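Could you have a look at this structure, given as structure tokens, before my questions?
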Amino acid sequence: MFQLLRDGRPRTRADLAAVTGQARSTVAARIDLLMAAGLIAPAGEATSTGGRPPATFAFAPSARVVLGVDLGATHARLAVTDLASTILAQRELPLLITDGPDLVLDRVAETGAELLREAGRSTSELAGVGVGLPGPVEHATGKPNNPPIMPGWDNADVPAILGDRFHAPVLVDNDVNIMALGEHRTAWPGVADLLFVKVATGIGAGIIADGALRRGAQGSAGDIGHVAVPGVTDVVCRCGNIGCLEAIASGLAVANKLEGAKTPADVVALVRSGDVAASQAVRQAGRDIGAVLATSVSLLNPSMIVIGGILADAGEHIVAGIREVVYQRSLPLATQHLRIVTARTGTQAGVLGASAMAVDQALSSEAVDRLVA
Ligand SMILES: [Zn+2]
């Protein structure tokens, strides 16, 4: 019943009894418990069809808060949000992931506590913490697995370390998955099948299928950075294989091909300044990414591909390159309603997704049952 109310629409006891098929008395008792827990609140009266107008109830997103944490290679973004992922307090800070889990998670815990105070909420109101890391994560345990740019983090027990500090459940995922979740929930909640592609220093994808994030058996679904681009035989990737997408079309790979660019941000600046070579290189990267995405389209049949990460800031060039190849290489049935666009949530995608992941856990049927028991 509570899951129904999560959409925020006010409903009467009679509405809820009709939809759930439960007895009016059962519904009334459940409403009392959810009210006592603060998860729902009275939402005024429905229009009456005669007699006393019935009371309505709606989800109360301010009942509790969660902490969303988006850790990158050189910076972190943290936000305290309510249960509808509305940001109450947030901060961005420089932070080197190479400092290792002890130092980094200590900073996260300190900053999180400060943000809670700033939002006027206490640790006891914290229903969960969601964390995104810039490397492969086994979602079930929350432990990073051989993350290439995170020395010292392999197998680190992030949920236990942060759980000790916050006394709340901690969920961990890779940065691309939380970005996919943040972009989907915020910008395209009605789209059931969406592929989110991050093009930055590396390349990765997050898969939304049937409305939910799909992580695969070990949490590595969507890791398209090391798929081989057809026809490339002369580029060796840092993983040791030849012709990986990431070694050819990532922001770093494009920067390496251009004079005057060292980082993906430099590439974006060149494109914005009208540099023809940079625009062409980004467009070609788009085509190479498109070649791999055409296969993904055949496998998953998404109705939307959203391009995020810093290279998406280079404007239409990358999307144009991707469209060119995807529409050409995929069957008409898969592409006739396929939209390929740039992300709307920008730098907020990760922190919003980390919040959404924590909220989903905090408001799952099992968690709500425990709360009102
Ligand atoms: Zn590779």
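What do you reckon, is residue 288 of a type in the set (Asp, Glu), within 16 Å of the ligand (Cβ to nearest atom) and part of a helix (DSSP H, G or I)?
Yes: the conditions hold for residue 288.
Inside the stretch 202-241, can you point out the residues that are within 16 Å of the ligand (Cβ to nearest atom), surrounded by fewer than 22 Cβ atoms within 10 Å (Cβ to Cβ) and farther than 19 Å from residue 287 by Cβ?
220, 223, 236, 238, 239, 240, 241
While we're looking at this one, here's another question. For residue 273, state whether it is surrounded by fewer than 22 Cβ atoms within 10 Å (Cβ to Cβ) and of a type in the set (Ser, Thr, Tyr). Before you say what the answer is, go through the steps one by one.
Details: surrounded by fewer than 22 Cβ atoms within 10 Å (Cβ to Cβ): yes; of a type in the set (Ser, Thr, Tyr): yes.
So residue 273 passes the test.
Can you report the number of residues in the stretch 65-88 which are of a type outside the set (Ser, Thr, Tyr), closer than 18 Å to residue 162 by Cβ and modelled with pLDDT of 95 or more?
12
This table checks each residue for (1) closer than 30 Å to residue 303 by Cβ; (2) within 16 Å of the ligand (Cβ to nearest atom); (3) among the β-branched types (Val, Ile, Thr); (4) in contact (Cβ under 8 Å) with a residue 40 or more places away in the chain.
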residue: 155; (1), (2), (3), (4): no, no, no, no
residue: 165; (1), (2), (3), (4): no, no, no, yes
residue: 246; (1), (2), (3), (4): yes, yes, no, yes
residue: 251; (1), (2), (3), (4): yes, yes, no, yes
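Could you look through the stretch 214-238, keep only residues that are under 26 Å from the mean Cα position of the chain (by Cα) and without any contact (Cβ under 8 Å) to a residue 40 or more places away in the chain, and pick out the one that is nearest to residue 295 (Cα to Cα)?
228
Now for a separate question. Given the conditions (1) in contact (Cβ under 8 Å) with a residue 40 or more places away in the chain; (2) over 27 Å from residue 253 (Cβ atoms); (3) not assigned by TED's automatic domain parsing to the domain that holds residue 149, and given that residue 171 satisfies all but one, which numbered condition is not satisfied?
Condition not satisfied by residue 171: (3).
The values are calculated or read from the model by the stated rules, or taken from the named source; none is laboratory data. Owing to the predicted nature of the structure, the values given are computational and were not obtained by experimental measurement. When we count neighbours, we look across all protein chains shown, and the Cβ atoms used for this are built from the backbone with ideal geometry, even at glycine.
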